Structures are given as structure tokens and as C-alpha cells.
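The values are calculated or read from the model by the stated rules, or taken from the named source; none is laboratory data. Nothing here was measured: the structure is a model prediction, and the numbers come from that model. We place every Cβ from the backbone using ideal geometry, glycine too, and count neighbours over all the protein chains shown.
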Amino acid sequence: MRIDQRNVGQSIVANNNAYVTDRWLLLSTFANVGTAQQLSANPPPGQTHYLTWTNSATASTSTAEKGALRTSIECNSTVAYAYGSSTAQNTVMSFWVNVSVAGNYSLTIANTNQTYGYATSYTVVSPNTWQRIVLPIPPAFGGTWRSDNTSNFLYFGWHGTTSNSVVPSSAMNAWTSTTGAMTNDVVNLGLTASSTFSITGIQWELGTNPTRFEHRPGAVEMQLCQRYYEKSYEEKTAVNTSTLVGAVSAVAAATNGLPGPSYQVPKRTATSIFIRIISPKGTTHATATWASGTGTDITLPSGGFGTSVTGSSAARITQINASGLTQGSTYLYHYTIDAES
């Protein structure tokens, strides 16, 4: 939860599929949308940051809505678990939670195609207090588990008893072909106005007993996150900030393209890029004015705020396709690169 390149600790509207911090995606279908944010005040022992979801002041009235956090873990990172084989290993999940309503909350695990998984729940006894949770995970002898750069999934759920994302009690505490984002015994936190769910210190490891949380240097954490998302702005500078710091300088070799950036770290897969030209200002190829009034968007073949690319790989983007550029002119641009999906 330490790295938050997209939002730099700012509160965001808790929309479905919004990233709250790096690697942590919000699954939220509430009609009355709340907020989510990386916070650092009063974390649990040994932690510096945590992620918090806050419900709307108007409570949900439907258990068919859902609320959960999801992260993806590359399959090549779980090879040692030997899932899908006769030598599959025991693992253990440990983390800290702090919720405003006592009751059951859930952890679910799913393979790449979400055709095989494990679901369990845990009980929070005291609300508004950090509680460490330790959940043993039995070996997964069945299912199809890949060993490449595709992803397995972890879900931490707090709402949703009747949606199709829910694992029934009959499929809990065992590896089965039934997968979902939460179990059917969760507390349904969305039914309580202004309720909160906070989590941090998540660690999934081999064995039956959890070890102390592994604290890696900040630079290492950043590089691990940049494999999936990267921006040209400095770490604590919000995307779309009016600044020249970190901007890429590129000379247009033609009227329809700019040289793309080389990545700071290799990406999980070929990527998409979103770009904003900040110099020269007032260029004629713009389709919209940047919110700050100091830059403009590149024209896209299909419109919008991103751009298509030529020669995207895990190492760099060869060309950013645009239109209306002046051949031989120098442009400064900021970018964000996403290799999550």
C-alpha cells in the first residue's frame, strides 16, 4: 500500500475498477458511491500506509451490489506453490484489517481463467481496531495453474450476498470450480452509512505459519509496481499536473508520430499509453484543452484521452501515433503506461 502513483494519496470516488493504490483495484457497484484512499495516520504495528474504503453517507439498500478489493499476482510468482500438481504446497495469508462493523469478511483466490479457486471468511470481533488476520490455505491439487506472466487473483470482500460474484457456503474452505469476489456470509458493510474497510500488510507465502512482514526498500517497491504502471511525473506528483519536471522531449520525424519512451523497468506485457503534450502550447492537432490550461491532448484516430502506438513491447514504445504534428519540431509530453490488463 506504500506506492500510489495514480492518486498520490488523494481521495478518489470509489467507482468500479478504479485503482486505489498501485496494484489494488476496487470492485464496487454501489448506486451510492463512496470514496477510497491511501492513508498513513494511525497504521497498525510495522506498517506505514493502508488502504481505506468509506461508504457513502447514504447507505445501500441492496445486497446484490458488491464491494471488494482485487489484486493480480503473476503466475510466475506462485510457481513454488506447485498448484495443480500432486506436490502442491500449503500456504498462509496474513494481513491487518480495521473495519467499522464487526462480523465476517472474506478472502477468495482464483486462477487465471477464474475457473478454480478457494474461498474462506474471517471474523472481526472489535470494530474500529486493527486486527491481524492469519488464514492457512490448503494445497490446490486440482485446477489449471499457469507459470507465465498472466495473473492469478486475490479478492478481499465486504459486501454482496446475492450477486453472481458470491461464493456459496457449500464451496467455502475448499478448492473448487466455484469462484467469486466474496463469500455469502460477509457482513454487507454497504448497508451501513459511512462504514469503513481498511487493510494493509498483506503477505501470501509458503508454509503453515506466517513470518514477519517483509519490508523491502522503497526503490524496490516502486520498481515492482512500475512493471504494471508507470508515469513520467515524479512519484508524488499527480497525473495531469502542469509541470515540465519529468517530461519527455521528442522530435517529430513525421507529421503523424512521435518517438515513444523507453520504460523505466520492463513491463509485464505490451502496453497502452496515455499522453499529453505540454509544449508547444496551442498546437493545432489538439482535440481538447488540458484541464490546467497549459497543455493539450494529442488527436486520436478514435478520439479520447489516450493514443494508439506502433511497436509496443515490454521494453519500449517505438512510436506514438498522432496527427497534425510539425515534422522536425520538438515536443514535450507527459505519459502514463498501463500493463495491468
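Here are some notes:
- Residue within the stretch 38-45 that is in the same structural domain as SER100 (by TED's automatic domain parsing), closer than 24 Å to LYS231 by Cβ and not in a loop (DSSP other than H, G, I, E, B) present: yes
- Scanning the stretch 1-28 for residues being among the β-branched types (Val, Ile, Thr) and closer than 12 Å to ALA238 by Cα gives a total of 1.
- Within the stretch 189-214, the set of residues being surrounded by fewer than 22 Cβ atoms within 10 Å (Cβ to Cβ), touching a residue at least 60 places away in the same chain (Cβ under 8 Å) and assigned to a loop (DSSP other than H, G, I, E, B) comprises THR192, ALA193, SER194, GLY207, THR208, ASN209, PRO210, ARG212, PHE213.
- Test for GLU230: is it modelled with pLDDT of 95 or more and closer than 30 Å to SER313 by Cα: no
- No other residue among ASN42, ASN16 is surrounded by fewer than 17 Cβ atoms within 10 Å (Cβ to Cβ), of a type outside the set (Gly, Ala, Ser) and touching a Leu at 6+ places or on another chain (Cβ under 7 Å) apart from ASN16.
- Considering the stretch 73-111, and only residues there that are part of a strand (DSSP E or B) and polar (S, T, N, Q), the residue that is surrounded by the fewest Cβ atoms within 10 Å (Cβ to Cβ) turns out to be ASN104.
- Taking the criterion of being in contact with a Ser or Thr (Cβ under 6 Å, 6 or more places away or on another chain) and hydrophobic (A, V, I, L, M, F, W, C), the residues of the stretch 1-32 that qualify are MET1, ALA14, TRP24, PHE30.
- When the strands (runs of 3 or more DSSP E) confined to the stretch 283-341 are screened for residues that are modelled with pLDDT of 80 or more and surrounded by 15 or more Cβ atoms within 10 Å (Cβ to Cβ), those reaching at least 1 such residues are found at 330-338.
- Elements of type strands (runs of 3 or more DSSP E) contained in the stretch 225-271, each with 2 or more residues being in contact (Cβ under 8 Å) with a residue 12 or more places away in the chain and in contact with a Phe, Trp or Tyr (Cβ under 8 Å, 6 or more places away or on another chain): 229-231, 248-251
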